Amino acid sequence: MAERVHKQTPASERRSDADTENVAVPVTETGEKLKAELDDLLDEIDEVLETNAEDFVKSYIQKGGE
Amino acid sequence: MAIPKVVGIETEYGILVKGGESNPVLASSVLINAYVAATSPRIGWDFDDERPGSDARGFTLDGGPDVEMHLVNSVLTNGARYYVDHAHPEISTPECRGIREAVVYDRAAEEIVRCSMEYSRSVLADDVELLLYKNNSDGKGNSYGCHENYLIDRGVPFGRLVADITPHFVTRQIFTGAGKVGSEEPGTSVSDVPFQISQRADFFEEEVGLETTLKRPIVNTRDEPHCDPVKYRRLHVIVGDANMSEVATYLKLGTTAIVLTMIEDDTFPNDLALANPVPAIRIVSHDPSLTRTIGLRDGRRMTALEVQWSILEAARRHQKRRGFASVEDADDVLNRWEQVLAGLASDRSTVADVVDWVAKERVVRAYAERHSIEGYDVRLKALDLQYHDMRPEKCIASRLGLRTIAGADEVRRAMTEPPHSTRAYFRGRLLAKWPESVVAANWDSVVLDVGRDPLRRVPMMEPLRGTRELVGSLIDSSDSVVELVTRLGATPEM
């Protein structure tokens, strides 16, 4: 089990791995599909996100609870 | 010997008044009253049992936290409690015997909140709207809780319980954390901590204690069992985040119930005690790379992932030798626990559909990239807050393909019907069948108006009595609450 942990690579390294060549074709396709999905999602989020982020975040004040 | 794990979740929701005066106490009351008026006759909560100042370490605090008796407080036919706590609407799920079942009731609570928002529109001016958020911080240093409750054996020495559960509470956030843009730890800023794993980690200042609003402790000692105090303890857990991911809620409850079983059976490894749990909980939260180590009391250093693997390995050994009869769904929880740790250790993106902070970090990063945002921008914080927005048309979390485990039909049913396997069944069914006769209810009793006689309090000191199996046909076949009470008197099994 511990071995699995040690094999872990930091997120930043993994990302650059995926971006560079040496990736099999199906993986690239999956990657592109994911990217397309993420693009669609970001389009949607641009529409859904509160229009005035500054005011929204400023007005989001809560009292401590519990 | 471990006892059956009865579990429940209490969630305080963040509340905003859009287009109106910001009075969160009033707004919370309007919200809950709107729901109660639209769905059921109002049944009051009975405060006889509330002792939040009572401490598990064996003393009672003078001037302990007050129970706010004047605020709206209702019991629902699904056995839940819906009330105003401080300045937030809060729902406590009914007591559940199953881990998956508890997730269904937490989801039902979300739907109750959504309905409440809808119903409240009819009593508010046209341009006023109540907005609810299932999160735990406003990003300005104010936090509100999502508490878990677990039934445990009173015989377990409290000191050992604290020592053993702490490493799990400090490290489980790697899969239960809801994620947060920035930091609210005094002295740090968003440039030090652009994104962190947990909503709550910044607010913990003590290892163990009674408080929940100031100097919050990792292990809370509130000793209000709400059941037979000689046999049971209710562990009140305040260290967790509210989750949007159903699987994260499931893992949060399931892994903790498994760890508590190991503590009861004394099979939890004794070499995982942390040197400094309070700084450790922030070190883990502030490190989404999951590479920083925390110090153990024996001098070793481990990552949060390594601590979690060690706990899981011990749980697997326990499973092989004695099984986990005390935790419903334990085998499935163990499998999913292993999957999530493996995913976090190898390819993070494989758990973006179950771990809230991973899902949130991914979308925050992608959004920043698209809009060429370098460092902090207020839009990223807006995205963070809106991840938890309870309006379906505004919620970000529900757009990210998070995996579900509760079916839509069972969630709908759970909004009005109680679980079958705990005393919540008795409470909920009585409210549904004879609302006019239930004068008050709380976790461990129901007060009934039986006509000319004095009010009758029916104690429910055993969380696993009052189930459908034990009282279902009795309730179904009684024509009046008087008949029920008479027949109950002749039924020692209840």
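Side notes on the structure shown:
- Neighbourhood net charge (12 Å Cβ-Cβ; Lys/Arg +1, Asp/Glu -1) for residue A:39: -4
- Low-density loop cleavage sites - trypsin sites (Lys or Arg not before Pro) in region B:193-243, where at most 16 other Cβ are within 10 Å (DSSP): B:215, B:231
- Chain B, relative contact order [Cα under 8 Å, separation at least 6], %: 20 percent
- For residue B:224, residues with placed amide H under 5 Å, excluding near neighbours: B:234
- A full extension of the chain between residue B:266 and residue B:473 corresponds to an added length of 70.6 nm, given 0.36 nm per residue minus the alpha carbon distance.
- Rounded to the nearest whole Hz, the Karplus-based 3J(HN,Hα) values (6.51 cos²θ - 1.76 cosθ + 1.60, θ = phi - 60°) of region B:372-381 follow the sequence 6, 8, 9, x, 8, 8, 4, 5, 5, 5, with x at glycine and proline.
- Cα-based shape type of chain B, given that a ≥ b ≥ c are square roots of the gyration tensor eigenvalues and the cut on a/c is 1.5: oblate
- Leading residue at positive end of dipole, chain B (Cβ point charges), from B:115, B:96, B:80: B:96
- Lysines with Cα under 24 Å of residue B:5, excluding same-chain neighbours fewer than 8 positions away: B:231, B:252, B:320
- With a 10 Å cut-off around each Cβ of B:7-19, the average count of Cβ atoms from other chains is 2.
- C-alpha center-to-center spacing [region B:431-494, region B:157-189] in angstrom: 41 Å
- Per-residue Karplus couplings for region B:356-365, computed as 6.51 cos²θ - 1.76 cosθ + 1.60 with θ equal to phi - 60°, are listed in order as 4, 5, 5, 4, 5, 4, 4, 6, 5, 5 Hz, Gly and Pro entered as x.
- Its Cα centre serving as origin, region B:375-494 has a Cβ charge dipole (Lys and Arg +1, Asp and Glu -1) of approximately 340 debye.
- Expected 222 nm ellipticity per residue - DSSP helices of 4 or more, -39500 (n - 2.57), all of chain B, to 500: -11500 deg cm²/dmol
- Computed Kirkwood radius, in angstrom, where 1/r is averaged over Cα pairs of region B:367-494: 18.2 Å
- Computed from protein heavy atoms with a 1.4 Å probe, the total accessible area buried between B and A is close to 4100 Å².
- Eligible lysines near residue B:18 by straight Cα distance, threshold 16 Å, same-chain separation 8 or greater: A:58, B:394
- Exercise: per-residue mean of other protein chain Cβ atoms within 10 Å, B:279-291: 1
- What the Cα convex hull of the protein assembly as shown gives, in volume per residue, is 159 Å³.
- Top positive-direction residue, dipole computed over region B:404-494 with Cβ charges, set B:443, B:426, B:478: B:443
- Shape class of region B:210-264 from the Cα gyration tensor (axes a ≥ b ≥ c, square roots of the eigenvalues): oblate, since a/c reaches 1.5 or more and a/b does not exceed b/c.
- Simple label model, 7 Å out from Cα along Cβ direction - residue B:191 to residue B:276, nm: 2.5 nm
- Reduced Cα scattering model of region B:219-337, Debye log10 I(q)/I(0), q = 0.16, 0.19, 0.22 Å⁻¹: -0.95, -1.30, -1.49
- Mean Cβ count within 10 Å, highest first, over the residues of peptides B:136-145, B:237-246, B:466-475: B:237-246, B:136-145, B:466-475
- Global geometry of region B:296-420, whether rounded, prolate or oblate, following the gyration tensor of its Cα atoms and the 1.5 cut on a/c: oblate
- Here the 3J(HN,Hα) profile of region B:383-400, calculated from phi with Karplus coefficients 6.51, -1.76 and 1.60 at θ = phi - 60°, is 4, 4, 4, 6, 3, 9, 5, 7, 6, x, 6, 10, 5, 7, 3, 6, 9, 9 Hz, Gly and Pro shown as x.
- Among the residues of A:49-57, the average count of other protein chain beta-carbon atoms within 10 Å of the residue beta-carbon is 6.
- Relative to the longest principal axis of the Cα atoms of chain B, the long axis of helix B:468-477 makes an angle of roughly 40 degrees.
The values are calculated or read from the model by the stated rules, or taken from the named source; none is laboratory data. The structure presented is a predicted model; accordingly, all values stated were derived computationally and were not measured. Because the Cβ atoms are built from the backbone with ideal geometry, glycine has one as well, and the counts that use them run over all protein chains shown. Ligands, DNA and RNA are excluded from the accessible area calculation, which covers all protein heavy atoms including side chains. Shrake-Rupley method; radii C 1.70, N 1.55, O 1.52, S 1.80 Å.
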